[in-house]
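Quick notes on the structure that follows.
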Amino acid sequence: MNNQRVAIIGAGIIGVTTAYELSLKGYKVTVFDKNQTCSEESSFANGGVISPGYIAPWASPSIFKRLFKEQFAKHASILVHFPTLETLSWFSKSIKASKSERYWRHRQAMQKLALMTQKRLKELAQSLGIEVEQSHGYNIIYRSERHFEIAKSSLPYLTDLGIPFQVLNKEGLLQKEPALESETPFAGAVHLPDDQIANCRQFALALRDEAEKMGVHFEFKSNVEPLSPNDPKRLVVNGKPMEFDQVVVCSGMGSLKLLSQLALPIPMTAVYGYSMTAMIKEPLDAPKCGILDEKYKVTISRQGNRIRVGGIMEFGGEPKVQSPKAIKTLYKVLEDWFPKATDMGQQIQVWKGVRPMLPKGSPIVGETPHRGLWLNLGHGSSGWATSCGSAQVLAGMMTQDLPSTDWLELALN
């Protein structure tokens with residue numbers, strides 16, 4: 001029996017899944033979070049997409065051409081507000097990471113994590129009886145013929161990974177999504193039958209309950225002071241010192257403050273995403289699968305009796321200031337594809353949340369130079385899709401069942 005005491009700082013989807021996996025390994029786990037319960041920030045109202053078939057680093061070889069063009073577009077998926085020197089430095093690192101060889105390495109690592117997450121979710125649903133709002137299948141819709149042809153040329157890569165797909169023309173997509181607005185022009189779609197939509201926050205709350213049954217302690221409303229370089233495993237929580245054998249930091253953007261005295265190279269920046277959630281007016285007018293509008297990088301998902309539209313990448317914004325331009329883009333995509341799904345006159349929940357993002361795209365998962373101090377952070381917009389996989393990788397590294405050399409793309413460097 002492993003009697004080591006582990007502190008996890010952060011109770012979002014990354015912290016909860018990490019706590020569960022470490023508890024299975026026999027560790028005595030305590031989770032600290034400043035909020036009143038788990039999944040109150042980045043995990044609260046995301047799009048719910050788990051797509052090994054589409055997941056990729058944001059910094060693709062073509063991203064910066066797109067970024068420039070979108071600053072002048074009426075409906076943009078990327079917004080940049082008065083970049084600081086720090087933001088410009090981050091973009092510079094992203095340019096290096098977007099080179100083709102590095103991009104594909106990190107994309108492969110993210111897809112492996114997403115496949116692990118997908119498999120683990122099925123296992124936990126069966127073994128623990130966890131039920132969440134979900135739907136299966138994901139349709140990537142391409143508005144332009146050129147982008148559709150580019151997408152088809154890269155599909156053999158999915159075959160190599162064992163990820164099934166179907167190429168659909170307009171008639172084929174309308175058979176899978178009969179409520180789709182047929183008057184909106186598009187070139188075609190790629191259907192990913194094994195990808196899924198699932199409610200991230202519902203799962204996090206359910207898994208927290210299961211973790212507590214196993215002995216994991218969750219301490220909410222807990223303010224953890226910045227870690228000391230002399231002894232980072234000695235936490236000061238709400239003014240009270242506490243000693244641990246291992247510490248895992250997965251507190252999103254709050255991780256930078258926690259690690260500020262340790263001089264670790266973590267070029268993480270806050271990128272804000274948006275979602276709108278509304279009640280479905282008529283189920284037959286709502287999507288059956290998950291939808292991604294590839295041009296605007298906006299998802300439309302069905303979660304129970306609600307529809308959720310999510311997307312946008314906002315650099316340099318304020319946490320509590322919602323961009324009208326971002327919200328207009330979400331409305332446009334919903335109107336284009338499912339105009340009858342919800343009553344636009346009803347109250348619609350608009351959410352803005354931070355995505356802690358690294359230039360390389362893939363997260364940092366592993367031990368730091370400070371022995372016993374671990375990181376599981378920087379998942380960006382793919383935190384839900386890579387959550388269980390990242391937790392399993394970290395647990396395997398901590399128990400030395402999994403060599404860190406197997407996951408060099410996730411290393412702190």
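Remarks
- Comparison of Thr37, Thr84 shows that the only residue that is modelled with pLDDT under 95, among the β-branched types (Val, Ile, Thr) and exposed (fewer than 14 other Cβ atoms within 10 Å of the Cβ) is Thr84.
- From Leu256, Leu235, residue being closer than 27 Å to Thr30 by Cα and either free of Cβ contacts under 8 Å to residues at least 60 places away in the same chain or among the acidic types (Asp, Glu) (or both): Leu256
- Subset of the stretch 16-45 that is closer than 19 Å to Glu243 by Cα and in a helix (DSSP H, G or I) - its residue that is nearest to the chain's Cα centre (by Cα): Ala19
- Whichever residue in the stretch 94-117 is surrounded by fewer than 21 Cβ atoms within 10 Å (Cβ to Cβ) and of a type in the set (S, T, N, Q) and, among such residues, is nearest to Ile50 (Cα to Cα): Gln108
- Qualifying residue in the stretch 145-163 (condition: surrounded by 14 or more Cβ atoms within 10 Å (Cβ to Cβ), out of contact with any helix residue (DSSP H, G or I) (no Cβ under 7 Å at 6 or more places or on another chain), of a type outside the set (Gly, Ala, Ser) and not in a helix (DSSP H, G or I)): yes
- Test result for Phe315, among the aromatic types (Phe, Trp, Tyr) and modelled with pLDDT under 95: yes
- A Cβ distance below 6 Å, combined with a sequence gap of six or more or placement on separate chains, defines the contacts here; from the stretch 47-73, residues that are more than 20 Å from Thr269 (Cβ to Cβ) reach residues that are of a type in the set (Asp, Glu) in the pairs Ser51/Asp195; Gly53/Asp195.
- Just so you know, in the stretch 81-115 the residues that are outside any helix (DSSP H, G or I) and over 20 Å from the mean Cα position of the chain (by Cα) include one that is nearest to Thr159 (Cα to Cα), and it is Lys99.
- Residue pairs whose Cβ atoms lie under 8 Å apart, sitting 6 or more positions apart in sequence or on different chains, and linking a residue in the stretch 388-413 that is more than 20 Å from Ile50 (Cβ to Cβ) and part of a loop (DSSP other than H, G, I, E, B) to a partner that is of a type in the set (Gly, Ala, Ser) and modelled with pLDDT under 95, are Ala411/Ser404.
- Test for Ser255: is it among the hydroxyl-bearing types (Ser, Thr, Tyr), in contact with a Gly (Cβ under 6 Å, 6 or more places away or on another chain) and crowded, with 20+ Cβ neighbours inside 10 Å: no
- For the stretch 152-170, a residue qualifies if it is of a type in the set (D, E, K, R) and more than 16 Å from Asp194 (Cβ to Cβ), and the qualifying residues are Lys152, Lys170.
- Any hit, the stretch 295-302, residues being of a type in the set (Ser, Thr, Tyr) and in a strand (DSSP E or B): yes
- Some residue of the stretch 379-388 being of a type in the set (Val, Ile, Thr) and surrounded by 15 or more Cβ atoms within 10 Å (Cβ to Cβ): yes
The values are calculated or read from the model by the stated rules, or taken from the named source; none is laboratory data. Just so we're clear, the structure is a prediction, and the values are computed from it rather than from any experiment. Virtual Cβ from ideal backbone geometry, glycine too; neighbours counted across all protein chains shown.
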